[in-house]
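Worksheet for the structure shown next.
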Amino acid sequence: MKTPVTVTVTGAAGNISYSLLFRIAAGDMLGADQPVILKLLEITPCLEKLKGVVMELDDCAFPLVQEIVATDDPAVAFKDADWCMLVGSVPRKAGMERKDLLGINGKVFVGQGKAIAENAKPDCKVFVVGNPCNTNCLIALHNATGLPKENFFAMTLLDEYRAKSQLAAKAGVPVAEVTNMTIWGNHSSTQYPDFTHARIGGKPATEVITDSEWLKGEFIKTVQQRGAAIIAARGASSAASAANAALMTVKNLVTPTPEGDWFSVSSYSDGSKYGLPEGIICSMPTRTNADGSHSIVEGLELDAFSQEKIAASCKELLEERADVLGC
Ligand code: NAX
């Protein structure tokens, strides 16, 4: 039997976790033969609710689950973690922009970054879902002294899936035919879903969908505003789709990427790729290599339209970073 992998999930009694935990436990994330130890972190007032989630996990009798730890102590939750999935934070409410959330959630990620550095495995991976996820990830990275910068990620795969689904619907094809979709920048309303490199059935998306006004206008706006549209329709932010994207991001990060394709995840920009600013957590086209390392896809030509959109989203990330430094 394989050595168990320890997965820590914060916000474990929340809505996203209620979908996520059961799929991790079932083996959908790390594989059907990979035992897991689940360490679940919540704030003290939610421990009772978390107890109920653990009871349900127990009642599934998942064969892969070796142990479940439920706690309100970050030092206990991050102990020996291989994967730190930082889901917990205060979700965006109707009318609230991510910037409003920075002040509320920023300090949580200072404490969690420190607790990860002190307790998790030195080669652990940190993956942030809680919003504003790119900047929360940057805060955690700066406070997790000693951990490699390249082990920090934030979620933009849900945005990629939203973009793929819009393109598939417009082209009238199954979504699996859409590949090479990149989200650039921030997980926010400034993100740039890059249709210029997307492919549909192996052909450039721009050859299959010739309505360039739609691609440059409604398509981008729909993807950028999808989170808000779901809040408006459901009265709550995306949960099952967010859990799916979180699970699939980790799966993408541990599985060699199919030849010719890539996926979107936000990671540390060292300033050497595509003229993106140094020192932000930025969404870029990413591949997982056969040895488990990750590379940013290089050599994509960015036209003037794309460059302008990417610059706008990076500007927002720099502003968020400045806001955090201001706090
Ligand atoms: P919920 O409010 O249902 O759950 C969040 C949970 O986190 C709560 O149970 C809360 O008690 C817990 N929590 C708060 N502070 C904590 C702390 N310091 N330590 C541990 N747990 C803590 O929100 P949910 O719908 O699950 O969303 C979680 C986060 O994901 C939100 O920030 C949300 O905005 C974000 N999202 C990110 C997405 C992305 O693509 N990156 C998309 C979906 C979602 O909006």
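Just so it is clear, none of the values below were taken in a lab; they were calculated from the coordinates. Just so it is clear, the structure is predicted and the values come from calculations on it, not from any experiment. Heads up, the Cβs are rebuilt from the backbone with ideal geometry, glycines too, and the neighbour counts pull from every protein chain shown.
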Using the 10 angstrom Cβ neighbour count as an exposure proxy, how do TYR268, TYR18 rank, fewest first? TYR18, TYR268
Taking r as the C-beta separation of LEU325 and GLU298 and R0 as 25 Å, the FRET efficiency to the nearest 0.05 is 0.25
In percent, how large is the relative contact order of the chain, given Cα pairs closer than 8 Å and 6 or more residues apart? 17 percent
Which value results when the Cα radius of gyration for the range 39-132 is divided by 2.2 N^0.38 Å? 1.18
Can you give me the C-alpha center-to-center distance between the range 132-177 and the range 247-267, rounded to a whole angstrom? 10 Å
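May I ask you to sort PHE109, PHE152, PHE127 by Cβ crowding, counting other Cβ atoms within 10 Å and putting the fewest first?
PHE127, PHE152, PHE109
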Using the structure shown, select from LYS114/LYS221; LYS49/LYS107; LYS114/LYS309; LYS2/LYS51; LYS170/LYS309; LYS114/LYS164 the pairs with a Cα to Cα distance greater than 31 angstrom. LYS114/LYS221; LYS114/LYS309; LYS114/LYS164
With springs only between Cα atoms under 10 Å, which of ALA25, ALA163, ALA240 fluctuates most in a Gaussian network model of the chain? ALA240
How do ILE281, ILE139, ILE43 rank when sorted from fewest to most other Cβ atoms within 10 Å of their own Cβ? ILE43, ILE139, ILE281
Kirkwood hydrodynamic radius of the range 157-323, Cα pairs, Å: 16.3 Å
Report the extension gain between LYS121 and MET55 in nm, rounded to one decimal, defined as 0.36 nm multiplied by the number of residues separating them, less their alpha carbon distance. 21.0 nm
Treating the Cα atoms of the chain as identical point scatterers in vacuum, please give the log10 of the normalised Debye intensity I(q)/I(0) at q = 0.10, 0.11, 0.12 Å⁻¹, two decimals. -0.55, -0.67, -0.80
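Can you give the extra length, in nm with one decimal, that the chain gains between PHE22 and LEU318 once fully stretched, where that is 0.36 nm per residue apart less the Cα-Cα distance? Walk me through the intermediate numbers first.
On the way: separation 296, 0.36 × 296 = 106.56 nm, distance 3.62 nm.
Stretched out fully, the PHE22 to LEU318 stretch lengthens by 102.9 nm.
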Longest principal axis of the chain (C-alpha) makes with the long axis of helix 157-171 (C-alpha) an angle, in degrees to the nearest 10, of 40 degrees
